[in-house]
Every structure is written in structure tokens, then in C-alpha cells.
1. Which loop trypsin sites (Lys or Arg not before Pro) in the stretch A:1-64, with loop taken from DSSP, have no more than 12 other Cβ atoms within 10 angstrom of their Cβ?
2. Any chance you could count the Lys pairs in the protein assembly as shown whose alpha carbons are under 26 Å apart, treating pairs 8 or more apart or on different chains as valid?
3. Calculate the spin-label point distance for B:ALA234 paired with A:ARG206, positioning each point 7 Å from the Cα along the beta-carbon direction, and give it in nanometres.
4. Sticking with the crude label model, points 7 Å out along Cα→Cβ, report the distance from A:ASP66 to B:GLN150 in nm, one decimal please.
5. Skipping prolines and chain starts, which residues have an amide H placed within reach, meaning under 5 Å, of the one on B:GLY119, given they are 5 or more residues away or on another chain?
6. Which one of B:ALA20, B:ALA68, B:GLY36 is farthest out on the positive end of the charge dipole of the stretch B:1-83, using unit charges on Cβ (Lys, Arg +1; Asp, Glu -1) and the Cα centre as origin?
7. Using the Cβ atoms and a cut-off under 12 Å, what net charge is assigned to the surroundings of B:ALA166, where Lys and Arg are +1 and Asp and Glu are -1?
8. I need the trypsin sites (Lys or Arg not before Pro) found in the stretch B:1-92, filtered to DSSP loop residues with at most 12 other beta carbons within 10 Å of theirs.
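Nothing in this text is a laboratory measurement; each read-out follows from the coordinates by a stated rule. Since the structure is predicted, the reported quantities are computational estimates derived from the model, not experimental observations. Here Cβ is always computed from backbone atoms with ideal geometry, including for glycine, and neighbour counts include all displayed protein chains.
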Amino acid sequence: MLIIDNLHAEIDGKTILNGLSLTVGAGEVHAIMGPNGAGKSTLSYVLAGRAGYEVTGGSVTFLGQDLLAMAPHERAAAGVFLGLQYPVEIPGVSNLMFLRTALNAQRTQRGEAEASGAEFMKLARAAAEDLGLPFDMLKRSVNQGFSGGEKKRNEMVQMAVLQPKLAVLDETDSGLDIDALRVVSEGINRMRSPDRATLLITHYQRLLDYVVPDHVHVLVGGRIVRSGGADLAQILERDGYVSIAA
Amino acid sequence: MTALPTRRDEAWRYADLAAAARAWPVTPEAITVAAGTEQTLMLADDAAPGSAGIRQIAVTLEAGARFACYVIAGRGAYGRFALDVTLHAGAHFELGGVLVAGGEQVLEIVTTVTHAGPGATSRQTIRCVAGGTATATYLGKVAVTRDGQQTDAAQSFKALLLDRGATANAKPELEIFADDVKCAHGATVGELDRTALFYLESRGLPPAAARALLTRAFLSDALASIADDSAREAAEARLEALL
Ligand SMILES: Nc1ncnc2c1ncn2[C@@H]1O[C@H](COP(=O)(O)OP(=O)(O)O)[C@@H](O)[C@H]1O
Ligand SMILES: [Mg+2]
């Protein structure tokens, strides 16, 4: 589904990703762990196509297409979803308006019929309920006045409505208390299916107790330095990144 | 109002004087809002695109009266909305102004709000977007007379500039002769939030749609005080048509 090959990327002329390679198959959940500043968020932004993150080498193929040649909205329509580490506040745009516009923009790009008002509301209500976010909060401006945990739940509501093929979740677990962590994990697990994949970026092991990954990778200094099964997360928790990177 | 204004006239320093000449002479209008009553005025530059239009309106609010005025402008080559508002005891004046200026358009809102009695309040919210080499201007003077104790006056101006050649001017001015007053004003000129644009695009909105959504949200701040839902929706539809 996703093939990242020898990816190099820089910000302001500073190399951040330095030869990163990773292959994610359909139906798989991969966890990417690494210390602060390793380049985890940079990887997620490069996959989503954020301006300012310049790819200087390597390739990314998503469902057979050159992902790096696509604009951010085209990547979204193709099925890439980025759950942001720090979700953005947008005053004056309601969550419902934002989400409905996004869903229909994706459907239009894919040549599908737009969702009717009723169909959309049904999807949004179900997602909010599943994620434990009061539906009335979706009537407020995007993420405005939301707590850290509510913002993360809201990202998962968006994911549930948009039904991406590849979810890249950047520290979706940070800032969550244990109940929220459980609810959000269930949301991620519900999305697991043979034709979807998830890239879970985290630097704590605790999320992986709830969403058990098929593969765990350690990202240090802009490249994958070690890969393994779910047990690698436990080793990391015990020994830290330093011993792994050495 | 007979002689044509000149550039030396402070209230006309950003105006398109050649276009103003086409709209000359201006017929002043006057409105009195009777004590304890309420009135709303919607203003738009409805004339054909490329036209020049000047409205010059004097408004007197008697004690306890409320007057709300909303300006939604974006069609005329030159559009000027000048309001001279006098507030008596306990009156309230609400102004929401939306200026959408592109190409070589020059759009301006010019207000003088005089708090002539005690306990009057005024709130002016102006939101502009300017592209091309357009100019959007807000000149807002708040005057508080000796009798204007407990005045509460607020002015908020925010502009988005879409192109390098576009200009936004804001000049709030205070002239205060009472001592117990609250006058707040703020002015900012900026661009669309890049992080918000990326967020919208990453969810599937094409860049133009993302920009339009953020611009509309920014401008509709000025219409948020329209209490009646259907009136507000109608105003927002007008705004949308200008984008
Ligand atoms: N906008 C930026 N400008 C310059 N350097 C940046 C920017 N964003 C991130 N970096 C740098 O890139 C490196 C990787 O950051 P990031 O991808 O956020 O790491 P992680 O998510 O793994 O903590 C860090 O050294 C960080 O300081
Ligand atoms: Mg990060």
C-alpha cells in the first residue's frame, strides 16, 4: 500500500529525514517510535504534503501512485489521512461545516456523488458518539476551546467520517487520559480492515497496549534504525532509544 | 456638501477622488431613531460593477434607542459609506462592515460616533479583504462629550491582504471630554493562516476552496451580531456572492 524508499527531506535547508525506508502493506498497523526531534512529525507532514517540507531524495508510492507528485488535497482524496499532533483551531468555521465540506470535496475528486445533509449528519453523529465527543461540540468552531484530549478525539471523529485508506496518526495518544486513550484506541481498532493501513507515531508504549501493531520501527536521526514485532515496543520501553540506536 | 473634497481633507486622504467626482454631488441622508425604538439598516454597493457610490448618512439615536447598520460592499469601483452617528443617553450603535476589494477597487467606511449622553454604547466591527491593487479603508472617530460618562465604545478592524499591491488603512481616532469612559480599539492586517490552510487541504479541500472558506469565516465576524437568523443568513449569502 505504502512504499517509502530512501526518503530524504529538509526544512529550511536542514536535513531532517535522512534515508528513510518503510513498506506498509494493506491491513497492517505499523508503529513508529522515536525520541523527540527524530523526525516523526516531519515524516507525517511529508506524507501529507505540507509546504516547507522539501523532499530532496527518494520516493513514496501509495497504491501504485507517486504520492510526492500529488497536492495535499489530492492525497486526501486518494485516501491519506493525517491525524495531527497539534490539531489546528479555525475560528468561524464549524466542525460540521468543515467536515462536510471535506467529505464532499473528497467525493467530488473521486467522481462520487456528494453526501446529502442527512447522510452526512448520520455519519457525524455516529462518529461523535463512538469517540465520546458530545455532538454539540461539532457545532462549534473547529477545535476552538477544545481541550487537548477533545482535539485528539475530534481528529478521530474526522477519520471515522472520512474513512481513509491510510491513516498516519501523529502522537494521537499524547495528552490523553486513560479513558480517552481507550476510546481513541477503539476508534483506531474499528478502522482496522484488510484494505486499510495505519501508521501510528508515538513515543510511548502505552498506546500499543490497546492498538497492537503488526510491526514496530524505531526512528532516530531521520531514518529507521531498527524494526521488529510488537515486542520491540516493550524492549524500547525498558531499555530506551539510546541503546537501540547505538 | 457642494465642493469636491481634496486630498488635504483628512477624511478623504485614501479616497479615489476621480471616482468620487463621478458620484458628486452627494445627497446627505438623515435618520432619527426615536427614544426606546430599534432600527436596522443594511447597506450594499448594489450598483453595477465599476460604478462609484457615496452614502453620507447622519443618524441620531434618541435616549435608549438602538441602531444597527451592516455594510457589505464589494462591487463598486469606488464605494464610500460615511456615517455620522450621535448617541444620546443609553443608546446603542452597532456597525458591522464587510469590504471585499479586488482589482483597483477603493472601498471605505468612514464613521464619526459621538457619545453625547451618559451610558451610551457603540460597537464597530470591520472586516476587509483586499487583493490586486485594491484599497480598503476604515476611518473611525469616536467622540465623547462632557455628558458622555460611562461611555463604552469598541472598534475592531481586521484586514486580510491577498496580494502585495493591496492596501488596508485603519485610523481609529478618539476625542474624549468625559473621564469615566471605556474606549477600546484594535487593528490588525495579516494574511490567511497557513497552518489552517494546510489543515483544510489535508482533509481534501482544494486550495481555492480552503482559502474561500477561511476568508468567509474571517469576514462573517462582522455579521455575527445580526440577531435574526434569517437576516444573518441573507447577509452571509450576500457576502458569499462577493467571494
Ligand atoms: N519548522 C521547522 N523549522 C526548522 N526545524 C524544524 C521545524 N520543524 C521541525 N524542525 C526540526 O526537525 C527535527 C525533527 O522534528 P520533528 O519531525 O517534529 O520530530 P519529532 O516529531 O520526532 O519529535 C527537529 O530537530 C526539529 O527541531
Ligand atoms: Mg512530533
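1. Those that pass, being in a loop and sparsely packed, number zero.
2. 19
3. 5.5 nm
4. Spacing of the two 7 Å Cα→Cβ label points: 7.1 nm.
5. B:GLY90, B:GLN149, B:GLN150, B:THR151
6. After comparing all options, I get B:ALA20.
7. Neighbour charge sum, excluding B:ALA166 itself: -2.
8. Within the stretch B:1-92, the qualifying trypsin sites (Lys or Arg not before Pro) (loop, at most 12 other Cβ atoms within 10 Å) are B:ARG7, B:ARG8.
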